[in-house]
1. Tilt of helix 52-63 relative to the longest C-alpha principal axis of the chain, in degrees (0 to 90, nearest 10)?
2. By how many degrees, 0 to 90 and rounded to 10, does the Cα axis of helix 19-50 deviate from the longest principal axis of the chain?
3. Residue separation times 0.36 nm, minus the C-alpha to C-alpha distance between Ala49 and Ala115: what's the value?
4. Quick one: helix 99-126 against the long Cα principal axis of the chain, what's the angle to the nearest 10°, folded into 0 to 90?
5. Which value, in Å² rounded to 10, gives the accessible area of Val110 with a 1.4 Å probe and all protein chains present?
6. Could you order Asp92, Asp98 by accessible surface area, starting with the largest, using a probe radius of 1.4 Å?
7. Which order do the peptides 79-91, 47-59 take when ranked by the mean count of other beta-carbon atoms within 10 Å per residue, highest first?
Amino acid sequence: MAQVERPLSPHLQVYRLPLTAIASITHRATGVGLGFGTLMLTWWLVAAASGPEAYAGFQWFAGSFLGLLILFGFTLALSFHLLNGLRHLFWDAGWGFDKVVSHKASVAVVAGSLALTVVIWLLAFIL
């Protein structure tokens, strides 16, 4: 009889994380990302206070592909962190612990953060 190769303990290859767990991990990751994104916000403020030449350098970077990508990611992280934080406030009040409701709230956070990011960027380019 051949012995079956299997992990010695439960592992991510064996179990599938529920969406609420993925949202929780992503909430922590977006918090870290917001910390790094704040460095760009600080650069913007320092450049604005330092004069036209420094501000032009910031504007050049912010308008580049990499700068726009960072700003888009910052907006997405901010939207996700905001909406997921609201979900956590509902949890703190004792609402939404049911598995079905929790899953639907996670889907709403993901969809809402994507929609909010797109709306913010559309308004930014229109205005």
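The values are calculated or read from the model by the stated rules, or taken from the named source; none is laboratory data. Please read these numbers as outputs of a predicted model, since none were measured by experiment. Positions of Cβ are generated from backbone atoms using ideal geometry, with glycine treated the same way; all protein chains shown enter the neighbour counts. Only protein heavy atoms, including side chains, enter the accessible area calculation; ligands, DNA and RNA are left aside. Shrake-Rupley method; radii C 1.70, N 1.55, O 1.52, S 1.80 Å.
1. Once rounded, the angle reads 40 degrees.
2. It works out to around 10 degrees.
3. 20.4 nm
4. It is inclined by approximately 20 degrees.
5. The accessible area of Val110 comes to roughly 60 Å².
6. Asp92, Asp98
7. The densest-packed peptide leads the list: 79-91, 47-59.
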